[in-house]
Amino acid sequence: SMKLYDTRTDTPITGESFTNKIVFLNFWEYWCVPCKQELPAIERLYNSVNDSSVVFAIISTQKPEIVKKDKVLQEIKLPFYYVNGVLPDVLKGEAVPRTFIIARNGEIVASAWDDEKVVRLIDSLKSVP
């Protein structure tokens, strides 16, 4: 099973952090230029959503000791995590960056984010119990 750890502190993240939340999941890698180019925009979205019902997870599958050296972790104020264990098939993919927006019921509702429709989508998901 997939376990997430906070990249800055190595603290394990429990599944409860994501239970009954809208989850913005973004996979990035330190060597990926487009990943780094979109992080400031994701950070703006993160700051504009600012709602306890929405959680963000910016995830790298690379070795944490390499990722920790990346200055992105100082520059971008987002929750960065690394994975220990196997990704669920539905989240696997060769391409980075890749993003998933997951509804409270665990259903993946979008796999692209960088437009106004996504902001409205996240807002609409907030009203769904």
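The values are calculated or read from the model by the stated rules, or taken from the named source; none is laboratory data. On a predicted model such as this, the values are computed, not experimentally measured, just so you know. Methodologically, a virtual Cβ is constructed for each residue, glycine included, from the backbone with ideal geometry; neighbour enumeration extends over all protein chains shown. Surface accessibility is based on the protein's heavy atoms, side chains included, excluding ligands, DNA and RNA. Shrake-Rupley method; radii C 1.70, N 1.55, O 1.52, S 1.80 Å.
Residues that are assigned to a loop (DSSP other than H, G, I, E, B) and more than 24 Å from Val128 (Cβ to Cβ) within the range 2-48 comprise Met2, Thr7, Arg8, Thr9, Asp10, Thr11, Trp28, Glu29, Tyr30, Trp31, Cys32, listed in sequence order. Kindly evaluate Glu94 against the criterion of being of a type outside the set (Val, Ile, Thr), without any contact (Cβ under 8 Å) to a residue 12 or more places away in the chain and closer than 16 Å to Tyr5 by Cα. It is false that Glu94 is of a type outside the set (Val, Ile, Thr), without any contact (Cβ under 8 Å) to a residue 12 or more places away in the chain and closer than 16 Å to Tyr5 by Cα. Considering the range 72-83 alone, what residues qualify as being in contact with a Lys or Arg (Cβ under 8 Å, 6 or more places away or on another chain) and farther than 14 Å from Ala57 by Cβ? Passing the criteria: Val72, Leu73. Among residues of the range 7-24 that are surrounded by fewer than 11 Cβ atoms within 10 Å (Cβ to Cβ), those with a Cβ under 7 angstrom from a residue that is assigned to a loop (DSSP other than H, G, I, E, B), sequence gap 6+ or separate chain, pair up as Asn20/Arg104.
From the list Ile13, Ile66, which residue is in contact with an Asp or Glu (Cβ under 9 Å, 6 or more places away or on another chain) and more than 13 Å from Val96 (Cβ to Cβ)? Talk me through it step by step, then tell me what you get.
Working: Ile66 fails: in contact with an Asp or Glu (Cβ under 9 Å, 6 or more places away or on another chain).
It is Ile13.
A single member of Val67, Val54, Val72 is of a type in the set (A, V, I, L, M), in contact (Cβ under 8 Å) with a residue 40 or more places away in the chain and in contact with a Ser or Thr (Cβ under 9 Å, 6 or more places away or on another chain), and it is Val67.
Got a sec? Which of Ala41, Ala57 is modelled with pLDDT of 90 or more, small (Gly, Ala, Ser) and farther than 17 Å from Gly15 by Cα?
On the way: Ala57 fails: farther than 17 Å from Gly15 by Cα.
Exactly one of Ala41, Ala57 is modelled with pLDDT of 90 or more, small (Gly, Ala, Ser) and farther than 17 Å from Gly15 by Cα, namely Ala41.
For the range 54-129, no helices (runs of 4 or more DSSP H) sit wholly inside it while including 1 or more residues that are open to solvent by 30 Å² or more (accessible area, probe 1.4 Å) and in contact with a helix residue (DSSP H, G or I) (Cβ under 6 Å, 6 or more places away or on another chain).
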